[in-house]
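First the structure, in the form of structure tokens, and then the observations on it.
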Amino acid sequence: MIVNAAATTLPTLTCFILSMASHATKWSHGAIIFNLHFDAKWMAVEHLRAVHPALDAKTSLCKRPVYASNWKNPGPMAWRRGNTAVGALS
């Protein structure tokens with residue numbers, strides 16, 4: 001797990017940025033039970049907090065609602081305000 005690997009560099013580490021996602025099963029009250037990608041990312045955050053508190057103190061969590069490439073070419077999933085796509089980079 002990337003968290004354990006980062007913990008081995010703690011003496012020289014200044015900042016650790018961890019990509020995370022919401023715990024889909026928890027926040028959907030069990031309605032979503034097969035979103036393993038999101039749940040696994042949240043389990044990494046829980047592991048970080050429980051096992052590596054010193055690393056947690058140096059950690060910033062980054063939660064991206066879409067893939068970074070979607071900002072350049074948002075396509076049909078673009079955020080919209082009226083009929084205009086927003087959030088795309090020019």
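In the range 48-64, which residues have a backbone nitrogen under 18 Å from the label point lying 7 Å from N4's Cα in the Cα-to-Cβ direction? Counting only backbone N, you get 48-56. Summing Lys and Arg as +1 and Asp and Glu as -1 over all other residues whose Cβ lies under 13 Å from the Cβ of D39 gives a net charge of +1. Each of I32, I17 was scored by other Cβ atoms within 10 Å of its Cβ. Listed from fewest to most, they are I17, I32.
Neighbours of F16 by Cβ distance under 12 Å: Lys/Arg scored +1, Asp/Glu scored -1, total 0.
Annotation: amide H-H contacts under 5 Å for M20 (H modelled 1.01 Å from N, sequence separation of 5 or more, or interchain): C62, K63, R64.
Bear in mind that the values in this text are calculations on the coordinates, not laboratory data. Everything numeric in this text was worked out from a predicted model, so none of it was measured. We place every Cβ from the backbone using ideal geometry, glycine too, and count neighbours over all the protein chains shown.
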